[in-house]
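Inspection log for the structure reproduced underneath, given as structure tokens.
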Amino acid sequence: MAGFIQQAQDPELKEILTRQFPFHVADYNLKVEFLQSQTTPDISKFQPDQQVQKLSDFTTAPVAPETGQPRTQVQTHNDREIATAYLLNQKGSAKNYGAAAVECANPDLRSFLENVFLNSNRHAYEMWQYMVQKGYYPLMPAPQESAQTMAGLLNPVPLQ
């Protein structure tokens, strides 16, 4: 992530990465403390980043998706590559933290894993929104016919 911050050209991308970086360092340091200490560290030191909302319409992209092809000869990454790699990293981290949390017996460690899941989830969502705004990630509504078909297949379950 530190390398991505240095390579990012778009000031907005650089700001997102720079702001999110300390959360990942704190997450890492608490994991090390869990492993190295004989007692449970104070997990209240780690609170997830607050949710950032950028898009106001979640069915229409604000710009047309950018076309292109992946580069295979790369020395440094462009903003789209950085955003894509970071988004994929945060999606994977969120999945792994969620899976670890439901398997964890230590309630303090479990709570910590839930918090770092929220952090990765929120960071992925913010990066996704950035990518949609830049045309790096397509955004389109589900076809109305598909939504209507699904709605016709489902009925509410009455509470007893």
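Rule-based calculations on the coordinates, nothing more; no lab input. Keep in mind it's a predicted model, so treat the numbers as computed, not measured. Cβ placement follows ideal geometry from the backbone for every residue including glycine, while neighbour counts extend to all protein chains displayed.
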Once a ≥ b ≥ c are taken as the square roots of the eigenvalues of the Cα gyration tensor of the chain, is the result rounded (a/c under 1.5), prolate (a/b larger than b/c) or oblate (a/b not larger than b/c)?
-> oblate
Label segment 17-106 by shape, choosing from rounded, prolate and oblate, from the square roots a ≥ b ≥ c of the eigenvalues of the Cα gyration tensor; if a/c is under 1.5 it is rounded, and otherwise prolate applies when a/b is larger than b/c, oblate when it is not.
-> prolate
Fewest Cβ neighbours within 10 Å first, please rank H123, H77, H24 accordingly.
-> H77, H24, H123
In the Gaussian network model of the chain, springs joining C-alpha atoms below 10 Å, which of F112, F58, F21 carries the largest mean-square fluctuation?
-> F58
Can you pull the one-decimal nm distance between simple spin-label points at T39 and Q69, each 7 Å off the Cα toward Cβ?
-> 6.1
Would you calculate, for the chain, the mean residue ellipticity at 222 nm contributed by helices, counting each DSSP H stretch of 4 or more residues as -39,500 (n - 2.57) and dividing by all residues, to the nearest 500?
-> -20500 deg cm²/dmol
